[in-house]
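Single-structure report; data block below.
The values are calculated or read from the model by the stated rules, or taken from the named source; none is laboratory data. In this text, all values refer to a predicted model and were calculated from it rather than measured experimentally. Note: ideal-geometry Cβ built from the backbone for every residue, glycine included; neighbour counts use all protein chains shown.
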Amino acid sequence: MQTLLETVPPQAPCVLHIDLKAIRENYLSLQGFIRKGALCAAVLKADAYGLGQDAIGATLYEAGCRDFFFAYIDEALQARKKFPHKDLNLYIFNGVLPRTEDYFIEHNLIPCLISQEQVERWACHAQKLSRKLPCLLHIDTGMGREGLPYDVLKEVAKSPLLDNLEIRYVMSHMANSNNSGSQKNKLQLDRFLKARRLLPKAKASLATFANSSGLTLGDNYQFDLVRPGMALYGYKNESYGTLLDLKPCLRTFARILLTRHIPKGETLGYNCTHTCKRDTRVALVSVGHRDGILRAASNKGYVLINGKKAPIIGTVSMDVLMADITDQPESAVRSNMWAEIYGDITSTRDFAENEGTSVYELLVRHGTRYHRIYTS
Ligand SMILES: Cc1ncc(COP(=O)(O)O)c(C=O)c1O
């Protein structure tokens, strides 16, 4: 790692190291884990959870992945431009918005239809073009967010609307799958099976139901296509940590701008939220709110300096945070060294937890100041 960090331009304050080999291996582990015959898609929305969809998409394509999910059209268009291969299936979770139909046709994108209105819109467009149009049909089984509720699906299934659609997969999304003991999981599964029976088999024979944690609940949750995001990036949760061998793909670093002594009794930073209980040696680390570090991390948690925990002290500010290095030998910490903000699964989880947030939010919040290193 040290050799890689030596390649960072001297003006770069902070670094994201994204390990594409880990992502490739995670994908292969997932594909190997799921039931025979099922496919493993990749959720690349939000710039691949903030990690960079171009590099990650290319890695996953080379590893054999052909099904990619995005939240919105522009994300998928970026992928289409980058990978003009014909054999990519690019799905849009949030479906077909008014006046977006032509984008789907022109760029061969597949909407996940999330409401009756969207079903009508897509069916109407199919009629206009005198051909069936591909889609996923999202059924709400208890997420309460997107998808056709059971009663609406019942009406839609009886109507001629579906005649114009080629439903590639019937779909649903799990609300509490990262809690393997939750009754909600089985409830959603039962509702999904029941809802599928409303649809003619010939029209809707394939299904997709599970995200990262959902796919670990058993073969019966996996259906024909699983949709992991977080597991690909290596952040398993406690409930499936032992089932899958995954490797986190991200390490973040920031430069130490200076070190200094602050006498006992003095306060540190904005609003004087930390009073030094002893003569304190402080490292000023070049990462702050602009780089995704929340004020909530103030006086909580730690960064790693020389692999040792250096507690965050004082209020995190826009561009910097302060870390307590009193317990390290004076000569061991110097300006321009790198502090690791988080890297392995424990430090990443700890960091998110100390900010009162999740690893999902942590990953997508990195700003634009990071120098990115991708290794394969
Ligand atoms: C509909 C849908 N499917 C799959 C996923 C992937 O979830 P995870 O990252 O937990 O695997 C998401 C992510 O939010 C989602 O919204």
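Of note:
- Summed over segment 80-123, residues that are buried (at least 21 other Cβ atoms within 10 Å of the Cβ), more than 15 Å from the ligand (Cβ to nearest atom) and either of a type in the set (Ser, Thr, Tyr) or modelled with pLDDT under 95 (or both) total 0.
- Of the residues making up segment 337-365, those that are part of a loop (DSSP other than H, G, I, E, B) and out of contact with any strand residue (DSSP E or B) (no Cβ under 6 Å at 6 or more places or on another chain) are ASP344, GLU355, GLY356, THR357, SER358, ARG365.
- Checked against (1) more than 30 Å from PRO263 (Cβ to Cβ); (2) among the polar types (S, T, N, Q); (3) in contact with a helix residue (DSSP H, G or I) (Cβ under 6 Å, 6 or more places away or on another chain); (4) modelled with pLDDT of 95 or more, THR315 passes all but a single condition, namely (1).
- Residue satisfying all of: in segment 234-243; within 13 Å of the ligand (Cβ to nearest atom) and either of a type in the set (Gly, Ala, Ser) or at pLDDT 95 or above (or both); surrounded by the most Cβ atoms within 10 Å (Cβ to Cβ) among these: GLY234
- Top-ranked residue of segment 178-233 - restricted to ones that are more than 8 Å from the ligand (Cβ to nearest atom) and among the basic types (Lys, Arg), ranked as nearest to the chain's Cα centre (by Cα): LYS184
- Segment 53-65, residues that are surrounded by fewer than 21 Cβ atoms within 10 Å (Cβ to Cβ) and assigned to a loop (DSSP other than H, G, I, E, B): ALA63, GLY64
- Any hit, segment 144-163, residues being within 16 Å of the ligand (Cβ to nearest atom), in contact (Cβ under 8 Å) with a residue 60 or more places away in the chain and not hydrophobic (A, V, I, L, M, F, W, C): no
- Residues of segment 74-95 satisfying the condition of being part of a loop (DSSP other than H, G, I, E, B) and not basic (Lys, Arg): PHE83, PRO84, HIS85, ASP87, LEU88, PHE93, ASN94, GLY95
- SER29 meets each of the listed conditions (1) part of a helix (DSSP H, G or I); (2) more than 16 Å from the ligand (Cβ to nearest atom); (3) more than 15 Å from the chain's Cα centre (by Cα) apart from (2).
- Test: residue in segment 66-73 that is away from the ligand (no atom under 14 Å from the Cβ) and assigned to a helix (DSSP H, G or I): yes
- Looking across segment 218-235, the residues that are assigned to a loop (DSSP other than H, G, I, E, B) and over 19 Å from ARG35 (Cβ atoms) come down to GLY229, GLY234, TYR235.
- Residue in segment 42-52 that is in contact (Cβ under 8 Å) with a residue 24 or more places away in the chain and either more than 14 Å from the ligand (Cβ to nearest atom) or outside the structural domain of GLY218 (by TED's automatic domain parsing) (or both) present: yes
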